[in-house]
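The values are calculated or read from the model by the stated rules, or taken from the named source; none is laboratory data. Note that this is a predicted model, so its numbers are computed, not measured. Note: ideal-geometry Cβ built from the backbone for every residue, glycine included; neighbour counts use all protein chains shown.
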Amino acid sequence: MSRLVSNGVESQRPRFGVFKFASCDGCQLSILNLEDELLVLGQALDIAYFPEASSKMNPGPYDIALVEGSITTEEDAHRIRFVREQAKVLVTIGACATAGGIQALRNWADVESFKQVVYPSPDYIQSLKTSTPISEHVHVDFELWGCPIDKGQLLRVITDLLAGVQPHLQAESVCLECKRRGNVCVMVAKGLACLGPVTRAGCGAICPSMGRDCYGCFGPTEGTRIGPGLPPNMASLGRHFHDGLQLIPVEVLRRFRGINGYAMPFREESNAWEQS
């Protein structure tokens, strides 16, 4: 990867933008939680557009654009294409941007009926029937998974981009993080339906370290739209949930249809259990 430059002048600081779509803002808050490191990045980058942090909103182009949130309206579908045109490198951050987020549960339901129940004047609600990840609309250079993202992982990606180094994104499973931390397997020891074997590392195995099962916050391991490698063996884990842990089919479905449920490997497995 070549070193990022702005307008062909290497001495200028690369221009940085952060854009929000349908989301809770948690991943943008993770950027702000960098605290001291953010001050250093502010010296290395020209933070040109970041409404969550500053009223200064300068137009593009941008050398690095971070995008949080999923596409849920026609307006956002047009806006993400404009962001892509303005960005040299586009990085999606968080479950909403990479997999459609928890709001992608609407993709298995009737959105019009939701409008009728929730809003007194549903005709005013302009919304798509689906919540989809950014990569279904434009080319994405790098994906940072998580709900929210890990701020340390984000910092490494940004510093790699500034240095002209190809960012290394973890693709192994949470199980490896549990082993590194010396955790006892909660699925073996407690009989919990843990998604750790098919969920990518990056969180530091937070939930299993607290004696809880993994909920798949960091998305599926290898086999995603952008990452190389073989897909995770969702079917084998689903069968173990059902046959070994005695979960009924709807409970197995709900395990895979969560925060990253619209990510293809999780989606296919939950669909299979829906037909059981």
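Criterion first (of a type in the set (Lys, Arg), surrounded by fewer than 23 Cβ atoms within 10 Å (Cβ to Cβ), outside any helix (DSSP H, G or I) and not assigned by TED's automatic domain parsing to the domain that holds residue 217) does residue 88 satisfy it?
Taking the combined requirement at face value, the residue satisfies it.
Only one of 245, 237 is more than 28 Å from residue 136 (Cα to Cα), of a type in the set (A, V, I, L, M, F, W, C), modelled with pLDDT of 95 or more and outside the structural domain of residue 139 (by TED's automatic domain parsing). Can you tell me which?
Sole residue among the options that is more than 28 Å from residue 136 (Cα to Cα), of a type in the set (A, V, I, L, M, F, W, C), modelled with pLDDT of 95 or more and outside the structural domain of residue 139 (by TED's automatic domain parsing): 245.
Look through the stretch 260-276, keep the residues that are at pLDDT 95 or above and in a loop (DSSP other than H, G, I, E, B), and return whichever of them is nearest to residue 146 (Cα to Cα).
This residue is 260.
Among residues belonging to the stretch 239-253 that are surrounded by 15 or more Cβ atoms within 10 Å (Cβ to Cβ) and within 19 Å of residue 104 (Cβ to Cβ), point out the one that is nearest to the chain's Cα centre (by Cα).
Among those that are surrounded by 15 or more Cβ atoms within 10 Å (Cβ to Cβ) and within 19 Å of residue 104 (Cβ to Cβ), it is 253.
Just one of the numbered conditions (1) surrounded by fewer than 18 Cβ atoms within 10 Å (Cβ to Cβ); (2) not in a loop (DSSP other than H, G, I, E, B) is not true of residue 83; which one?
(1)
Quick check on the stretch 221-234: of everything there that is closer than 21 Å to residue 175 by Cα and loosely packed, with under 14 Cβ neighbours inside 10 Å, which residue is modelled with the highest pLDDT?
230
Only one of 207, 214, 178 is part of a loop (DSSP other than H, G, I, E, B) and either surrounded by fewer than 21 Cβ atoms within 10 Å (Cβ to Cβ) or in contact with a Cys (Cβ under 8 Å, 6 or more places away or on another chain) (or both); which?
Just a single option satisfies the conditions, and that option is 214.
Going residue by residue through the stretch 159-171, is there one that turns out to be under 22 Å from residue 238 (Cα atoms), at pLDDT below 95 and touching an Asp or Glu at 6+ places or on another chain (Cβ under 9 Å)?
Checked against the condition, which is being under 22 Å from residue 238 (Cα atoms), at pLDDT below 95 and touching an Asp or Glu at 6+ places or on another chain (Cβ under 9 Å), the stretch 159-171 yields at least one hit.
Could you pull out the residue among 130, 98 that is modelled with pLDDT of 95 or more, of a type in the set (Val, Ile, Thr) and either outside any loop (DSSP other than H, G, I, E, B) or exposed (fewer than 15 other Cβ atoms within 10 Å of the Cβ) (or both)?
Result of the check over 130, 98: 98.
Which of the residues that make up the stretch 37-47 are assigned to a strand (DSSP E or B) and over 19 Å from residue 25 (Cβ atoms)?
46
Among the residues of the stretch 101-117, which ones are surrounded by fewer than 18 Cβ atoms within 10 Å (Cβ to Cβ), part of a helix (DSSP H, G or I) and of a type in the set (A, V, I, L, M, F, W, C)?
105, 108, 111, 114, 117
Condition first: of a type in the set (S, T, N, Q), surrounded by 12 or more Cβ atoms within 10 Å (Cβ to Cβ), under 25 Å from residue 163 (Cβ atoms) and touching a residue at least 60 places away in the same chain (Cβ under 8 Å). Can you find one or more residues in the stretch 62-71 that meet it?
The answer is no, given that none of the residues of the stretch 62-71 is of a type in the set (S, T, N, Q), surrounded by 12 or more Cβ atoms within 10 Å (Cβ to Cβ), under 25 Å from residue 163 (Cβ atoms) and touching a residue at least 60 places away in the same chain (Cβ under 8 Å).
Given the conditions (1) part of a loop (DSSP other than H, G, I, E, B); (2) modelled with pLDDT of 95 or more, and given that residue 76 satisfies all but one, which numbered condition is not satisfied?
(1)
Just need a number here: residues in the stretch 8-36 that are over 23 Å from residue 218 (Cα atoms) and in a helix (DSSP H, G or I).
Looking only at that region, the number is 1.
Assess whether residue 262 counts as being touching a helix residue (DSSP H, G or I) at 6+ places or on another chain (Cβ under 8 Å), closer than 25 Å to residue 135 by Cβ, surrounded by fewer than 22 Cβ atoms within 10 Å (Cβ to Cβ) and outside the structural domain of residue 70 (by TED's automatic domain parsing).
Against the criterion (touching a helix residue (DSSP H, G or I) at 6+ places or on another chain (Cβ under 8 Å), closer than 25 Å to residue 135 by Cβ, surrounded by fewer than 22 Cβ atoms within 10 Å (Cβ to Cβ) and outside the structural domain of residue 70 (by TED's automatic domain parsing)), residue 262 does not qualify.
Among 113, 127, 131, 121, which is the only one that is outside the structural domain of residue 232 (by TED's automatic domain parsing), more than 23 Å from residue 28 (Cα to Cα), hydroxyl-bearing (Ser, Thr, Tyr) and in contact (Cβ under 8 Å) with a residue 40 or more places away in the chain?
It is 127.
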